[in-house]
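**Student:** Have a look at this one before I ask anything.
The values are calculated or read from the model by the stated rules, or taken from the named source; none is laboratory data. This one's a predicted model, so the numbers in the text were calculated from it and none came from an experiment. Note that each Cβ is placed from the backbone with ideal geometry, even for glycine, and that neighbours are counted across all protein chains shown. For accessibility, only protein heavy atoms count, side chains too; no ligands or nucleic acids. Shrake-Rupley method; radii C 1.70, N 1.55, O 1.52, S 1.80 Å.
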Amino acid sequence: MAKTLTIGVLALQGAFIEHIHALNTLRSSEHISDAIEVRTKQELDFVDALIIPGGESTSIALIAERCGILEDLREFARTKPTWGTCAGLILLAKTAIHTKKGGQQLLNALPATVSRNQFGRQVDSFSIKLSSPCLEHVSEQNAAGAVEPFEYVFIRAPAIVSLDDSEVEPLVKLPPGHGQTEASEDGLLVAVRYRKMLGTSFHPELTNDTRWHRYFVRMALAEED
C-alpha cells in the first residue's frame, strides 16, 4: 500500500488557512492522509512534512520562540520536507538582508541569502504568468498539447539574491525588471529546492492552481522512499 502523508501548516500567523484548503483539494488525487494546523511541538512531531506560510516573518519567529517551538522548527527543517512561502522562505534561510532594525530569528536551514521586501510595499504587489519547466511533471496539457503558465502572486515578497551551496537548485527566475534593487536587472530567483527543502517567494495558496502544492507533496513522498 502506498504511503500517505500528514502535512502540517505552521499556524502561528499568516495565510495558513489557504494552504490547508489547497492541500485538502488534493487529498483525492495525491497521497495525503491529513492536512493539519501546527502550533505545538506535539503537532509538529505528528506531521511528515511542513509548510511555513506567508505572513510577517518577524512575527512568526517571535511567536514560535514564545511558544517554545523555534528550535523544534529548526530541527524539523533540517531533517524533514519543509516548504517556506514568502515569509516562510525568509525564515528558512541562513541569511536575510533588509530585515528590521536589530535583525530577526531565522531557522538557518536553507543555504541562501534572501532579501526581505525585495519587491516593495503592499501597493507594489503584482502577479505574472510564467512557464515553469519544474512544474511540467505535475501539470496537465491543455487542448493544444501545451502546459498552461502558472500565475505567480507577489505581495511584499522576498527574493533569493544568492545561493550559498552548490546543492541549491534554482527553479524559477523572474524576467528582468521586477524588484526594487539593481539585482532585479538580471532577473531574480523566486523558487529554489535544496535537499528536502522548497523555498518560494510567491503565494501559490492565493490562486486556484494547486500545482506547487502537488509539487511539494510529491517531493515529500520521494524523500520518504
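**Student:** Please enumerate the residues belonging to the range 37-90 that are open to solvent by 10 Å² or more (accessible area, probe 1.4 Å), in a loop (DSSP other than H, G, I, E, B) and either among the hydrophobic types (A, V, I, L, M, F, W, C) or under 19 Å from LEU110 (Cα atoms) (or both).
**Tutor:** ASP48, GLY55, GLU56, CYS67, LYS80
**Student:** For GLU37, state whether it is touching a strand residue (DSSP E or B) at 6+ places or on another chain (Cβ under 9 Å) and within 30 Å of THR95 (Cβ to Cβ).
**Tutor:** In short, yes.
**Student:** Can you name the residue in the range 5-36 that is outside any loop (DSSP other than H, G, I, E, B), free of Cβ contacts under 8 Å to residues at least 24 places away in the same chain and open to solvent by 30 Å² or more (accessible area, probe 1.4 Å) and, of all such residues, is farthest from GLU224 (Cα to Cα)?
**Tutor:** Among those that are outside any loop (DSSP other than H, G, I, E, B), free of Cβ contacts under 8 Å to residues at least 24 places away in the same chain and open to solvent by 30 Å² or more (accessible area, probe 1.4 Å), it is ILE17.
**Student:** Just need a number here: residues in the range 204-225 that are acidic (Asp, Glu) and open to solvent by less than 30 Å² (accessible area, probe 1.4 Å).
**Tutor:** Summing the residues that are acidic (Asp, Glu) and open to solvent by less than 30 Å² (accessible area, probe 1.4 Å) in the range 204-225 gives 1.
**Student:** Still on this structure, please answer the following. Name the single residue that is nearest to LYS80 (Cα to Cα) among those in the range 91-101 being at pLDDT 85 or above and surrounded by fewer than 20 Cβ atoms within 10 Å (Cβ to Cβ). Steps first, answer last, please.
**Tutor:** So the first thing to find is which residues in the range 91-101 are at pLDDT 85 or above, and the list is 91-97.
Then drop every residue that is not surrounded by fewer than 20 Cβ atoms within 10 Å (Cβ to Cβ), which leaves 94-95, 97.
Values: LYS94: 17, THR95: 20, ILE97: 26 Å.
Looking at the filtered set, the residue picked out is LYS94.
Conditions tested, residue by residue: (1) modelled with pLDDT under 75; (2) of a type outside the set (Ser, Thr, Tyr); (3) open to solvent by 40 Å² or more (accessible area, probe 1.4 Å).
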| position | (1), (2), (3) |
| --- | --- |
| GLY103 | yes, yes, no |
| ASN108 | no, yes, yes |
| ALA112 | no, yes, no |
| GLN118 | no, yes, no |
| GLN122 | yes, yes, yes |
| PHE126 | no, yes, yes |
| SER132 | no, no, no |
